[in-house]
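To start, the structure itself, in structure tokens.
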Amino acid sequence: MLRQVKPRNARSKRALEKREPKAIENPKTCLFLRGTTCSQIVQDALTDLHAMRQPLAKKFTKKNPIHPFDDASSLEFFSEKNDTSLIVFGSSSKKRPHTLTFVRTFSYKVYDMLELYLNAESFRTLSQFRTKKFAVGLKPMLLFAGTAFESPVANEFTLAKSMLLDFFRGETSDKIDVEGLQYIVSITAEDIPGEGDAKPPIHLRTYLIRTRRSGQRLPRVEVEEMGPRMDFRVGRTKEPDEATRKEAMKKPRGTEERTKKNISTSSMGDKMGRVHVNKQDFGKMQTRKMKGLKRPRAEQEGELTEELNGDDAKRVRQ
């Protein structure tokens, strides 16, 4: 743990205020680290992921003797020192070659971890694709394909979906510029299991969106693979304990929208309201008169005569 230091000037005070908990948190910054033994393939993968994560990314090239699943204190130190809530750690060993470990932290403590083994044979870097690249700072469109990601029970693939969503999300925005939708990140989990007890692999592809003239009002949309191309196998995972999960999912007061009475939203997103009125007398309402429902005039005169006779009889009795 870092010792608490009181700010000596206004600049350091502002820096400490940025790290304080907020009702609406800042965008998550990702830190890229490498271990003491890290293959060139893993280093290239870290470089490409760092480029896709820009500008909310920091990358260190120094070797770090870290074993995330044995002792995560060093990762927590780097997280607090650099104010990052996402960490991607690259390493390689004989038992676990070409490994990328995705780590999320909460309050500068490790929240959960996911280990992915990169397939060296099918891996292709960004530079190996001779196509136009995306601009820095643009948010991708995400596509998750595969029934494994939709499992109602939490497993390795639901954790991978949540982790990759956080990694590619970037800054939150309430407005979307269509011109900024330039590339798609497709993440696919095969439905066919691997050999034996092996889990199905995860394929990560990135496609550039191109619009062509179609002779109509709407253009023809084409996609072209841009890189990187990565195939993963799911390795070890670390789930958060129930107390930490409950604390991390807690929402501050004042951020939730107050429910309005008699106003609801349908499944299609339409706003529906309920209006309360007094009891209505339908006999006094002006409705459209139809000739087919109109009574004969003789019948109406007979009813009027009976009413008059009744009134005269009451007067005589009085």
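The values are calculated or read from the model by the stated rules, or taken from the named source; none is laboratory data. Quantities reported herein were computed from a predicted structural model and do not represent experimental measurements. Note: ideal-geometry Cβ built from the backbone for every residue, glycine included; neighbour counts use all protein chains shown. Heavy atoms of the whole protein, side chains included, go into the accessibility calculation; ligands, DNA and RNA do not. Shrake-Rupley method; radii C 1.70, N 1.55, O 1.52, S 1.80 Å.
Annotations
- For region 27-236, the carbon plus sulfur part of the accessible surface works out to 52%, probe radius 1.4 Å.
- Working from the Cα coordinates of region 9-109, the gyration tensor eigenvalues give, after taking √(5λ), semi-axes of 27, 15, 11 Å in decreasing order.
- Lys/Arg +1, Asp/Glu -1 at C-beta; region 51-160 dipole; positive extreme among ALA145, ALA57, SER74: ALA57
- Cα centroid separation, region 52-81 to region 86-106 (Å): 10 Å
- Using θ = phi - 60° in the Karplus curve 6.51 cos²θ - 1.76 cosθ + 1.60, the 3J(HN,Hα) couplings for region 67-84 round to 10, x, 7, 9, 8, 9, 5, 5, 5, 5, 5, 5, 5, 6, 5, 9, 6, 10 Hz; x is entered for Gly and Pro.
- Mean residue ellipticity (222 nm) of the chain, computed from DSSP H runs ≥ 4 via -39,500 (n - 2.57), nearest 500: -7500 deg cm²/dmol
- Using bins of 10 Å that start at zero, the share of Cα-Cα pairs per bin across region 66-106 amounts to 27, 55, 16, 1, in whole %.
- Shown here for region 118-180: GluC sites (Glu not before Pro) in loop regions (DSSP other than H, G, I, E, B) with at most 14 other Cβ atoms within 10 Å, namely GLU121, GLU171.
- Summing Cβ point charges (Lys, Arg +1; Asp, Glu -1) relative to the Cα centre of the chain gives a dipole of roughly 1420 debye.
- Within the shell of other residues whose beta carbon sits under 15 angstrom from the beta carbon of ALA189, the net charge comes to -1, with Lys and Arg scored +1 and Asp and Glu -1.
- The Cα-based radius of gyration of region 158-270, divided by its Kirkwood radius, gives an Rg/Rh of 1.07.
- Structural size metrics of region 27-236, computed from C-alpha coordinates, are Rg and Dmax of 17.7, 61 Å.
- Between PRO200, PRO27, GLN128, the Cα set farthest toward the positive side of the dipole of region 27-236 (charges on each charged residue's Cβ, about the Cα centre) is that of GLN128.
- Accessible surface, 1.4 Å probe, highest first, among residues ILE187, ILE263: ILE263, ILE187
- Accessible area in square angstrom per residue, the chain, 1.4 angstrom probe: 74 Å²
- Share antiparallel - DSSP beta bridges, the chain, percent rounded to 5: 75 percent
- For region 120-150 versus region 165-189, the gap between their alpha-carbon centres in whole angstrom: 11 Å
- In this Cβ point-charge picture (+1 for Lys and Arg, -1 for Asp and Glu), region 143-247 has a dipole of about 500 debye about its Cα centre.
- Annotated for region 1-116: lysine pairs at least 8 residues apart or interchain, Cα distance under 13 Å, count 4.
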